[in-house]
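Colleague: The following block contains the structure, expressed as structure tokens.
Bear in mind these aren't lab numbers, they're just calculated from the coordinates by the rules spelled out. These numbers were taken from a predicted model, which means no experiment stands behind them. Cβ coordinates were reconstructed from backbone atoms using ideal geometry, including for glycine residues, and neighbour counts include every protein chain displayed.
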Amino acid sequence: MSQLRNIALTVQELEEGEFYWVLMEAADYGVEDALSYLPIEAAGDPHLTYANALVAGVAAIRKMFGKDGPRTTDVRGP
């Protein structure tokens, strides 16, 4: 069975009033007591509000990964 990938969504305000969603995936390496994430996808155009960027980020997750969520493609047998 495939495993669920560790995907995080954040919103960044790169310029005042310009909000971008960013999807990140947990990296296999990290520092003790901290998780490391690498960006995998980001908004190309800014949104006017944090809330709009957040909703657009969720829509991007749904579009990219479908109803079953982000799953690994590495399926191992018994």
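Colleague: Residue by residue through the range 47-74, note down the ones that are over 20 Å from R5 (Cα atoms) and either touching a helix residue (DSSP H, G or I) at 6+ places or on another chain (Cβ under 8 Å) or of a type in the set (K, R) (or both).
Modeller: H47
Colleague: Filter the range 1-25 for residues that are closer than 17 Å to T49 by Cα and not aromatic (F, W, Y) and give the result.
Modeller: Scanning the range 1-25 gives L9, T10, V11, Q12, E13, L14, E15, E16, G17, E18, V22.
Colleague: Sort out which residues of the range 31-52 are out of contact with any Phe, Trp or Tyr (no Cβ under 9 Å at 6 or more places or on another chain) and either over 17 Å from M64 (Cα atoms) or touching a residue at least 40 places away in the same chain (Cβ under 8 Å) (or both), and write them in order of number.
Modeller: V31, E32, D33, A34, L35, Y37
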